[in-house]
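Each value in this text was obtained by applying a stated rule to the coordinates, not by laboratory testing. Because the structure is predicted, anything quoted here is derived from the model rather than measured. Positions of Cβ are generated from backbone atoms using ideal geometry, with glycine treated the same way; all protein chains shown enter the neighbour counts.
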Amino acid sequence: MRRKRSHTILIHLALIIVVFLLLSPVMIAFTKSTQTRAQIYHYPPIFGFGSSMIQNYTAAWNDFHLGMYMRNSLLIAVVVTVAKTILSMFAGMAIVYFDFPLKNAVFYFILFTLMMPTQVLIISLFNLVSNFGLGNTYAALTMPFLASATGVFLFRQHFSSISPNLADAARVDGAGPLRFMWSVLIPMSRNTIAALGLIQFIYMWNQYLWPLVIIRQNARQVVQVGLRSMMAQQDVTNWGVVMAGAILAMLPPLVIFVVFQEQFTKGFVLGREK
């Protein structure tokens, strides 16, 4: 019993050390966001809280328009997350419950697109969006991301784990595809929906390269580009203001993750949800 207790204590100590190491960059960023420029450049370094917390956060929010950038990112992330989840559900349902020519080939082609990062397609995507006259618009930031191979794969795997007897029973009762999805599939897929929504929200919130290429007006720019512009607009970088902006930009995805962390974990269990 004593050996087991010692082993448990050592495991908990190791986990505490790992958590501390993982959180240390965030903790340092938060402490630096409260310091003045002189305190940040002081040697030896000051790791405690400074005297410029309110000034730094106010400057990041107002002087560098971080609030506007965060509003744009929130709008884009919500639109893409909702639309991508709905489209992925319909695509996953079609692959599982409908028969059409080359169904497996279509699914494997969708999986193949996972191997093609956005950077490879960025030139052709820029030309396509510009030819449609959508450059420098919110549509340019949302439309290229509405389809998701990851989402189709997750829903296809999840729907495949649901007993086909439910679809047969719904068909006997006269329920059409939309009714079957609304009354059966969606209630049984809450964890998968939450997991995909969380992934896509964070993915869109962290978008940098594509908004930098396609958007020219600051009024439509996103938060990651806004954080980069905070350093470009200063002759001598005030890292306290920059760290304050980074902490503020981290809060929305952190809140979303805390709220949906249980569903996020369960969403990747490809067995039947209870």
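Note on region 59-134: enclosed helices (runs of 4 or more DSSP H) holding 1 or more residues that are of a type in the set (Lys, Arg) and within 30 Å of GLN35 (Cβ to Cβ) are 66-97. When SER148 is tested against the conditions (1) over 15 Å from VAL82 (Cβ atoms); (2) touching a residue at least 24 places away in the same chain (Cβ under 8 Å); (3) hydroxyl-bearing (Ser, Thr, Tyr), the lone failure is (1). If you go through region 158-191 and keep only what is without any contact (Cβ under 8 Å) to a residue 60 or more places away in the chain, within 29 Å of the chain's Cα centre (by Cα) and over 16 Å from PHE90 (Cβ atoms), you end up with just PRO187. Return yes or no: is THR142 out of contact with any Phe, Trp or Tyr (no Cβ under 9 Å at 6 or more places or on another chain) and buried (at least 16 other Cβ atoms within 10 Å of the Cβ)? When the stated conditions are applied, THR142 passes them.
Quick grid of which residues meet (1) farther than 24 Å from ILE214 by Cβ; (2) of a type outside the set (Val, Ile, Thr):
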| site | (1), (2) |
| --- | --- |
| ARG37 | yes, yes |
| ILE46 | yes, no |
| ARG71 | no, yes |
| VAL80 | no, no |
| GLN119 | no, yes |
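Could you go through region 11-23 and let me know if any residue there is surrounded by 11 or more Cβ atoms within 10 Å (Cβ to Cβ) and part of a loop (DSSP other than H, G, I, E, B). Before you say what the answer is, go through the steps one by one.
We begin by selecting, within region 11-23, every residue surrounded by 11 or more Cβ atoms within 10 Å (Cβ to Cβ); these are 23.
Cutting the leftovers down to part of a loop (DSSP other than H, G, I, E, B) gives us none.
Looking for residues that are surrounded by 11 or more Cβ atoms within 10 Å (Cβ to Cβ) and part of a loop (DSSP other than H, G, I, E, B), one finds none in region 11-23, hence no.
Out of everything in region 204-236 that is over 17 Å from LEU121 (Cβ atoms) and among the polar types (S, T, N, Q), what residue ends up being surrounded by the most Cβ atoms within 10 Å (Cβ to Cβ)? In this case the residue turns out to be GLN221.
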